[in-house]
Every structure is written in structure tokens, then in C-alpha cells.
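Take a look at the structure set out below.
The values are calculated or read from the model by the stated rules, or taken from the named source; none is laboratory data. Keep in mind it's a predicted model, so treat the numbers as computed, not measured. Note that we place each Cβ from the backbone using ideal geometry, even for glycine, and neighbour counts take in every protein chain shown. Remember, those area values only see protein heavy atoms, side chains included, never the ligands or the DNA or RNA. Shrake-Rupley method; radii C 1.70, N 1.55, O 1.52, S 1.80 Å.
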Amino acid sequence: MSTFVLVHGAWHGGWAWRRVVPLLRAAGHEVHTPTLTGLSDRAHLLGPHVGLAVHVQDVVALIEAYDLRDVVLVGHSYAGQVVTGVADRVPERLALRVHLDAFVGDDGEPAIDLLPATVAGHYRESVAGPGFGWLIPVRSLEVLGVTEPADLGWLTPRLTPHPWAAYTEPLRLTGKGEQVPAAFIECVEWMRVFTPHAGRAAARGWPVHHLATGHEAMVTAPGELAELLLALAAG
């Protein structure tokens, strides 16, 4: 059986995987869903100092504390940066990393530079205004492809601002993570911000899969996502 570590994206928390976790556990797998520092139930730890390196350490510390091995490490959206950093730190503990509609960054690249220019501009404007210069306010869920009232009602009150430093701090890689097999899942029923990253993944020889749902696949298509993750782990 596999051990899954599922890492949420910006504004979310470990709770975001609630609809996926039972499906993976029912198949006999161990599942961990950490919340990154400064988000959700760890929002009390938020400060201008919280950046990408802190989030990478969050996940490395969990893997080492539980002595996890043969980990299937899944990163959604922003967490593509996180799982890339984790793979570079503890490649010997990972069996696979999966980028779920997520950044595929290289050494020296901050997340903000990996967004389309228009989207990055919106982020900078919101940080400079309601974000007080160091926070990214929560984005519209409808823009992310969430339209069902029940999903909006579940997500909306749980989302929290994301630390801007996590998007401006560049990845720092040694190259050790390249030994970890990787796969990419693109969610294709929204504005498809991560299509260029699916292209990066394909250029590196990673398998690229598509889900017919919006960006929040763990909420809008949990069954299909779990099925694909199980297949990737088995493969």
C-alpha cells in the first residue's frame, strides 16, 4: 500500500482534501493532509516571514517525523512549488510526486513569475491594496471553476489569505529531486492557468493526465481524482 501526502494550494488547508481522503483510505492507503504554516487552522502563525522555504520545511518535517517512505506526494496549484522543494530535500523518501494543476518550477523561479502576466498583475494589485503589502487576498472561487452552491458554501468560509512571500521567494534546488518520478494532472474546465506547466511536464517526459473539472478538483471531482491518484500510485 502507498502513503499519500496531499498538499493544498493557496488559501486552503489540509481540510480541502476531505472528499478525497476516505476514497484513498478505503483502498487501503495511508493518507496525510498537512496544513501549511499561516493558512487555515494554522493562520495564527501567519506573518510576513512565512514563505516558500517554511512551507517546504512543513512537509519535510511531517515526512521525517512520521518516518514516511515510498510517499506519493501530491501538490495542488501553488503547492507545485512546495512538492518540488520537498523532492529536492528528501528524494529517498518519495516514490512519486504529482503536480495537480500546479506549478512546475525550476531553480531560482518564484511562483509569481510562473503565472500568466495578467493574473500576476491582479495578484500584485490585490497585495498592494487589501493585502496590506504582504498578503494575497482570497481569489474568486467562480474564477477557479467552482459553481455549485454547496461547494461554494463549504469552501468560502474556510479560505484564508495567503502569504505573499510564498509567491515571491524563489525555489532553491540542488537537482536531487530530479531522480523522483513525477506526473502532471491538468484540470481543463476553467481558464487553464496551468496549461504552460502541463507543457513543461510533457517536455520533461512526465505523463500528463486531464480531468474534466475546474481547478478545485479535490472538491468538484473527488471520485475521479482519487481514481487517477490510485492508478498513478499503482503504476
>> Take the conditions under 17 Å from VAL98 (Cα atoms), open to solvent by 60 Å² or more (accessible area, probe 1.4 Å) and either in contact with a Pro (Cβ under 9 Å, 6 or more places away or on another chain) or charged (D, E, K, R) (or both) and apply them to ARG192. Does it pass?
In response: no
> If you take the residues of the range 199-213 that are touching a residue at least 24 places away in the same chain (Cβ under 8 Å) and among the aliphatic types (A, V, I, L, M), which of them is surrounded by the most Cβ atoms within 10 Å (Cβ to Cβ)?
Replying inline: ALA201
> Can you name every residue in the range 130-166 that is polar (S, T, N, Q), surrounded by fewer than 16 Cβ atoms within 10 Å (Cβ to Cβ) and touching a Leu at 6+ places or on another chain (Cβ under 7 Å)?
Replying inline: THR156
>> For the structure I just gave you, tell me whether LEU229 is closer than 15 Å to PRO181 by Cα, at pLDDT 95 or above and open to solvent by less than 10 Å² (accessible area, probe 1.4 Å).
In response: yes
> Does the range 45-55 contain at least one residue that is open to solvent by 40 Å² or more (accessible area, probe 1.4 Å) and either among the basic types (Lys, Arg) or over 28 Å from GLY108 (Cβ atoms) (or both)?
Replying inline: no
>> Condition (residue is open to solvent by 30 Å² or more (accessible area, probe 1.4 Å), within 16 Å of SER77 (Cα to Cα), within 20 Å of the chain's Cα centre (by Cα) and free of Cβ contacts under 8 Å to residues at least 12 places away in the same chain) applied to the range 167-176: is it met by at least one residue?
In response: no
> When you look at TYR66, is it of a type in the set (Ser, Thr, Tyr) and touching a helix residue (DSSP H, G or I) at 6+ places or on another chain (Cβ under 9 Å), yes or no?
Replying inline: no
> Of all residues in the range 1-28, which are touching a strand residue (DSSP E or B) at 6+ places or on another chain (Cβ under 6 Å) and open to solvent by 10 Å² or more (accessible area, probe 1.4 Å)?
Replying inline: SER2, THR3, TRP11, VAL21, ARG25
> For the subset of the range 10-35 comprising residues that are assigned to a loop (DSSP other than H, G, I, E, B) and touching a Gly at 6+ places or on another chain (Cβ under 8 Å), which member is nearest to TRP134 (Cα to Cα)?
Replying inline: THR35
>> Step by step: first the residues of the range 98-110, then only those that are of a type outside the set (Gly, Ala, Ser) and open to solvent by 20 Å² or more (accessible area, probe 1.4 Å), then the one that is nearest to LEU6 (Cα to Cα). Which residue is that?
In response: ASP106
>> Out of the residues in the range 144-176 meeting the condition of being in a loop (DSSP other than H, G, I, E, B) and in contact with a strand residue (DSSP E or B) (Cβ under 6 Å, 6 or more places away or on another chain), tell me which one is nearest to ARG42 (Cα to Cα).
In response: PRO161
> How about the range 78-88: which of its residues are over 15 Å from THR33 (Cβ atoms) and of a type outside the set (Asp, Glu)?
Replying inline: TYR78, GLY80, GLN81, THR84, GLY85, ALA87
> Restricting the first residue to the range 106-123 and requiring it to be among the aromatic types (Phe, Trp, Tyr), which pairs with a second residue that is in a loop (DSSP other than H, G, I, E, B) meet a Cβ separation below 8 Å and a spacing of at least six or different chains?
Replying inline: TYR123/LEU115
>> Can you confirm whether VAL82 is in contact with a Lys or Arg (Cβ under 6 Å, 6 or more places away or on another chain), under 20 Å from VAL20 (Cβ atoms) and either hydrophobic (A, V, I, L, M, F, W, C) or surrounded by fewer than 19 Cβ atoms within 10 Å (Cβ to Cβ) (or both)?
In response: no
